[in-house]
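A.B. asks: The structure that follows is given in the form of structure tokens.
The values are calculated or read from the model by the stated rules, or taken from the named source; none is laboratory data. Quantities reported herein were computed from a predicted structural model and do not represent experimental measurements. Don't worry about glycine lacking a Cβ; one is built from the backbone with ideal geometry, like all the others, and counts go over all protein chains shown. Just so you know, the surface numbers come from the protein's heavy atoms only, side chains and all, with ligands and any DNA or RNA stripped out. Shrake-Rupley method; radii C 1.70, N 1.55, O 1.52, S 1.80 Å.
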Amino acid sequence: MAHNASMQTKQDIKWMQHAIKLAQHAESIDEVPVGAVLVKDNQLIAEGWNQPISSNDPSAHAEVVALRAAAQALNNYRLVDTTLYITLEPCAMCAGALMHARVKRVVFGASDPRTGAAGSVFNILNSTELNHIIDIQQGVLQQECSALLTRFFKNKRK
């Protein structure tokens, strides 16, 4: 079930601000500015930012980078009772990885009307046909997250 931004908490805002800093780092290395933070019991477990270009890895989206680091940190491929904060709605690949990791909750900033898999184009995270459902909180610091992406692509087109 997706919830709108009115349900956001101080904790959600704090961690999304951290994800935005990671997105800004991605932008500084000429990657699409997306940042992700994985949290358990309000403690940072892992973080990631987009790096498919710099790592020559099409799967190196911010979420996947954070999931890989978290699995190593927790010594477990199952990341139960965790929350992933991500500046952009996950794509289908990332949504699949989040499902397999058994992440409990996903909080995202900007919706992705082209490839979003948390309700915009697909709804993988809430699919009743799969064996795990992820709670979704959308629109946390949406304007800041969207502005990062808009500016990045506007500059790319120049």
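A.B. asks: Among the residues of the stretch 30-65, which ones are under 21 Å from Glu144 (Cβ atoms) and touching a Pro at 6+ places or on another chain (Cβ under 6 Å)?
C.D. replies: Answer for the stretch 30-65, where residues must be under 21 Å from Glu144 (Cβ atoms) and touching a Pro at 6+ places or on another chain (Cβ under 6 Å): just Glu63.
A.B. asks: Select from the stretch 88-100 the residues that are assigned to a helix (DSSP H, G or I) and open to solvent by less than 10 Å² (accessible area, probe 1.4 Å) and list them in ascending order.
C.D. replies: Of everything in the stretch 88-100, those that are assigned to a helix (DSSP H, G or I) and open to solvent by less than 10 Å² (accessible area, probe 1.4 Å) turn out to be Cys94, Ala95, Leu98.
A.B. asks: Filter the stretch 144-158 for residues that are more than 17 Å from Ser120 (Cβ to Cβ) and polar (S, T, N, Q) and give the result.
C.D. replies: Asn155, the sole residue that qualifies.
A.B. asks: If you go through the stretch 72-104 one residue at a time, how many are over 20 Å from Pro52 (Cβ atoms) and among the aliphatic types (A, V, I, L, M)?
C.D. replies: 6
A.B. asks: Here is a list: Ser59, Ser55. Which entry is out of contact with any Ser or Thr (no Cβ under 9 Å at 6 or more places or on another chain), without any contact (Cβ under 8 Å) to a residue 24 or more places away in the chain, hydroxyl-bearing (Ser, Thr, Tyr) and open to solvent by 20 Å² or more (accessible area, probe 1.4 Å)?
C.D. replies: Going through Ser59, Ser55 in turn, just one is out of contact with any Ser or Thr (no Cβ under 9 Å at 6 or more places or on another chain), without any contact (Cβ under 8 Å) to a residue 24 or more places away in the chain, hydroxyl-bearing (Ser, Thr, Tyr) and open to solvent by 20 Å² or more (accessible area, probe 1.4 Å): Ser55.
A.B. asks: Could you count how many residues in the stretch 70-107 are among the hydroxyl-bearing types (Ser, Thr, Tyr), closer than 22 Å to Pro33 by Cα and touching a helix residue (DSSP H, G or I) at 6+ places or on another chain (Cβ under 6 Å)?
C.D. replies: Total satisfying the criteria: 2.
A.B. asks: Among the listed residues Val107, Val103, Val121, identify the single one that is modelled with pLDDT of 95 or more, under 20 Å from Leu22 (Cβ atoms) and in a loop (DSSP other than H, G, I, E, B).
C.D. replies: Val103
A.B. asks: Could you check the stretch 128-156 and list, in sequence order, the residues that are within 19 Å of Thr82 (Cα to Cα), open to solvent by 20 Å² or more (accessible area, probe 1.4 Å) and of a type in the set (S, T, N, Q)?
C.D. replies: Listed by number, the residues that qualify are Asn131, Gln138.
A.B. asks: So which of Asn50, Asn76 ends up being out of contact with any Cys (no Cβ under 9 Å at 6 or more places or on another chain) and either buried (at least 20 other Cβ atoms within 10 Å of the Cβ) or modelled with pLDDT under 95 (or both)?
C.D. replies: Of the residues listed, the single one that is out of contact with any Cys (no Cβ under 9 Å at 6 or more places or on another chain) and either buried (at least 20 other Cβ atoms within 10 Å of the Cβ) or modelled with pLDDT under 95 (or both) is Asn50.
A.B. asks: Further question on the same structure: Name, by its number, the condition in (1) at pLDDT below 95; (2) of a type outside the set (Phe, Trp, Tyr); (3) part of a loop (DSSP other than H, G, I, E, B) that does not hold for Asn155.
C.D. replies: (3)
A.B. asks: Follow-up question, since we're still on this one. When you scan the stretch 121-143, do you find a residue that is under 13 Å from the mean Cα position of the chain (by Cα) and farther than 23 Å from Asp41 by Cα, even just one?
C.D. replies: Yes, that holds for at least one residue.
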